[in-house]
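> The structure that follows is given in the form of structure tokens.
Nothing in this text is a laboratory measurement; each read-out follows from the coordinates by a stated rule. All figures in this text were calculated on a predicted structure; none of them were measured in a lab. We place every Cβ from the backbone using ideal geometry, glycine too, and count neighbours over all the protein chains shown.
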Amino acid sequence: MLLFSEANQEWRPIPGWVEFLIRLGFDWPGCASGQRKIALISMPGDSAAAGLIALGVLIRDLGNPYATDVAGHYDALLRFARQYLENCRKCRERCDVEVGRCGYSAEATGRVREKGGRLYEISDRTDFRTRRLALRLERKSLTWWPDPEKATDWRIDGEPPVQLNHIEGVLTVHAYQQIVGSAQFISENLSSSYSGLCFAGRTAGETATFKACASIQFRDGNDEYRLPNLLTIHGWAGSNVISRMTFFNSRNEQLDRRASAPAMIVADGDACFLKVLGRSEFQRSDVIGVIHRTMDRDHLEVVGNRMLGLRQWYAEDSETLGQIAHAPRGISISILRKRIP
Amino acid sequence: MPIAASQVFDFLERHGIGSVDRHEIALAAFGAVRRSLRQIVVKLREPEDQEALETSDQLRSLLSEWLTVPVAFDSTMVDAMRDLLGGVEAVHTRWGNDIATLYDTAIHAAEGLKSIENPVREKLRAVIRELRSQSHAIKIFCHRRARPHFESLFIPPVDLPLSEDMFLHSVKDYRETGLFDVLIKVGPLRSRGWGSAPDALLTAPRFRTLVQIVWSGCSDEPDFGYDPVTPPENAAAGNGAGMVAAATTGHSPMKWNMRVIRSGEDPGATSGYVAEADELRIFRELNQSREKRSAVLVQIVGEHGILYPPHSQVFSFDAEVASGEAIDRRIPGQTLVEGMFVIMQQLGDVDLGGVRAEQGHYSQIWKERLAHEYQADAAGLISRLRAAGLRLMHLGAAVQHWRRPPSTVIHAPQQLKHFRILLDVLGLGGDEADRLKMAPFWHLAWNEVRRSRGEAIHAGFQEHEIIEEQLLAILSSIMPQIREKAVVSEGFIQEIPASYGIEGRFFFFKVLGIEEGFSAPETELKALRAISVIEQWRD
């Protein structure tokens, strides 16, 4: 039986509140309807609740054949190359995209890493018309022309590998299977990264978010699993493993990789939730915000008023609420769904 | 560290329904004080007179404290009223017959109270003794400044003193406390202002029983126990009569059973005693009608504080952050929390009226004169000040406060009007110009006080981002010195090294507490003030 521990306290069966939150993420409906959903969950105290919901969504996505970055990776490399060659290389702002007002969300450094670990630079010889990407080893003149079919052998430097061909860094299904018994898994997803799910961390910063998640661990026999490792956020479990969700640092408002708009965001904390709702690149994403009620009234009211404001365009989503198990005492939920014009 | 969420959920599961024991206390004589002061507060709002408004604010503050804090019924009540308004005759001359009659009634009733013990204190003592005898784990939620009134209830060796860990003063304290049996609260449940408490008491309980001791007529806020998840149509339900907080479709709400226990005099049975009104609610409505901005209090050392508009980006220092982010702009209550330092700057090229006095230069002169006069005849000095129009609550204590030598701030009256009266009485208020500076002494001295309070910042100087960036760079370069000082001091000054070409200094004040629920005029924001002054801006 899978056991649970919080804040290094004694091992125990998974408590109801943890199971509920993971299931909430797992059962969260996909975006087939095309109507954006925004949920607010309030907790009776500070906790790793957002991380647990994100874990549930991650497990759901491991069974989704479309939940992979592999297909669009060569295009992503080309976009990266274009931004570098046409903008960032010449830009004098190193690098503040807000100041530069260039329209990009992050700098393109021009550096690409090969699966063996060697570092390459985007070459001037890249031809966007014929979609031929050219790379050269740093400080050397030899040019490489990556095969689009093997684009996943390359990754943008500083980002997780898109797909792994070796065992190391591939996810093991066991822990996830134990956490959600009914989950289905697609083996390709266990070895490929995905950026359609985003975990937005606390405004106190990434370290504070990591610490909150690290208070949660699971154990099956002799195997122990900490929540940060299960979430596979890039840098939380080593740099050479795949990552099944992006991380939005709400303190500096940066995403941990170059990704298109996520389908779903789980936001940790009131200030983070408000920031996520306000950002233009997230306007189509489903959002689950998690707050706790042990806050001053002013902070609670800011969130409440934001939800109230949304009601002009959104209606209560009793259908989704009906699909979710009954919440344990102390957790309250509101779900809004965008109205059809 | 906050309590583990699993412990909270286990607790909520075990104790599905909490209980509220609400003790409502009535006392005819205190009712007379309340009624009279309330009417004076309201009447003083009617004329468009700044002095009347200030007096009204101070009276409001006084009565609000008596309604939410277990104060002793002793001579301080009468003294406080007299400090503020003076004798009945003076009130009659200044404000007319109506107010003088009400004031006379209040004074007489308060004189009568001196012979009895405050029944709120009696009840509190009895409740705590009983809970202790049953070995219950007790906590008391109150404002930090109210704590001595609770502590004075239990004097050894008759009773064990109340230990420090029994007190909760803020939402942060509450968030980080463990589970316990009984929470004690004096005054109604309000989210802001006097006697305020976190909504979480009802929506995220860490205890089984809430014992509330209130004066009759003081009702809880209807929406106390607010949860932003609650749909708008349910929001008004709040705690209300049923005490069911935040019911919505998606969760199991907290449930509370309330028991009301009334004691004291029955208004219906006592001649001339009518049912009490809810002064706190009335005052709040009065307060809202004036042009004020809501504000957050950042409390610092030396009983001082700074009010900021909500969501202000405050220049601050976090000693626990090792990286270059130690100095940053932070939001009070959100990213700026207790233990960090707020930074205020005083720059040489900020000129408030052509004055370039060194800090403490003019204050040395008038403070020396004040000390001399006070030592010679304290009572005479106070009566001369009062006769000259300086009618402050606790004037004696205020004068003692002004005598203190300058620290990071020059202790002085808060208003120019009062400062000029003080200097006039001390014989320093003449309009003759300083021979060198060509400005009257009071002007120079007042500017010095203002500068010490950081009002240069308030004047909008901080808005200049370029200069702020420059200051940020300076602060980063002197980080080692700042860190050294921050370890040993809760308030210190850091001079800007001469090599930077900017003359000035930074003031670092450790944050002792952050509190919401203030409404203050624009002029009171972002300025250093004594807590006793800030109290009047509580909602």
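> How many nm is it between the label spots at B:Ala72 and B:Glu303, if each spot is 7 Å from the Cα in line with the beta carbon?
So the two model labels end up 1.7 nm from each other.
> Looking at the range A:1-63, which GluC sites (Glu not before Pro) are DSSP coil and have at most 13 other C-beta atoms within 10 Å of their C-beta?
Those satisfying the criteria are A:Glu10.
> Would you list which lysines come within 19 Å of A:Lys150, measuring only between C-alpha atoms, while excluding same-chain residues fewer than 8 positions from it?
Partners within reach: A:Lys115.
> Too long at a 28 Å Cα-Cα cut-off: which of B:Lys123/B:Lys510; A:Lys275/B:Lys139; A:Lys275/B:Lys255; B:Lys292/B:Lys367; A:Lys275/B:Lys485; B:Lys185/B:Lys255?
Cα-Cα > 28 Å for B:Lys123/B:Lys510; A:Lys275/B:Lys139; A:Lys275/B:Lys255; B:Lys292/B:Lys367; A:Lys275/B:Lys485; rest within.
> With θ set to phi - 60° and the Karplus curve 6.51 cos²θ - 1.76 cosθ + 1.60, what are the ³J(HN,Hα) couplings of the range B:116-128 in order, to the nearest whole Hz, using x for Gly and Pro?
Taking θ as phi minus 60°, the curve returns 10, 8, 4, x, 5, 5, 4, 5, 4, 5, 5, 5, 5 Hz for the range B:116-128.
> Computed FRET efficiency, Cβ-Cβ of B:Ala473 and B:Glu503, R0 22 Å: what is it to the nearest 0.05?
After rounding, the FRET efficiency stands at 0.85.
> Quick one: B:Trp366, A:Trp11, fewest Cβ neighbours within 10 Å first, how do they rank?
Starting with the residue having the fewest Cβ neighbours, the order is A:Trp11, B:Trp366.
> May I ask for the distance between the Cα centers of the range B:198-217 and the range A:269-341, given as a whole number of Å?
Using only Cα atoms to place each centre, the spacing works out to 27 Å.
> Pop out the ³J(HN,Hα) list for the range A:284-298 in order, Karplus 6.51 cos²θ - 1.76 cosθ + 1.60 with θ = phi - 60°, rounded to Hz; leave Gly and Pro as x.
Here the 3J(HN,Hα) series is 9, 7, 5, 10, 10, x, 10, 10, 10, 8, 8, 10, 5, 4, 4 Hz.
> Starting from the amide H of B:Met258, placed 1.01 Å from N in the peptide plane, find each other amide H under 5 Å away whose residue is 5 or more places distant or on another chain.
B:Val20
> Go ahead and estimate [θ] at 222 nm for chain A from helices alone: -39,500 (n - 2.57) per DSSP H run with n ≥ 4, summed, over the residue count, rounded to 500.
Counting only the DSSP helices, I get -8000 deg cm²/dmol.
> I'd like the mean, over residues of A:41-54, of how many other protein chain beta carbons sit within 10 Å of each residue's own Cβ.
4
> Let me ask you something else. So what are the ³J(HN,Hα) numbers for the range A:81-89, from phi and the Karplus equation (6.51, -1.76, 1.60; θ = phi - 60°), rounded to whole Hz, Gly and Pro as x?
For the range A:81-89, the Karplus curve yields 5, 5, 4, 5, 5, 8, 10, 4, 4 Hz.
> Give the order of A:Thr152, A:Thr294 when sorted by the count of other beta carbons within 10 angstrom, beginning with the fewest.
Ascending number of Cβ neighbours within 10 Å: A:Thr152, A:Thr294.
> With charges set only on the Cβ (+1 for Lys and Arg, -1 for Asp and Glu), what does the dipole of chain A come to about its Cα centre, in debye to the nearest 20?
The dipole of chain A has a size of about 980 debye.
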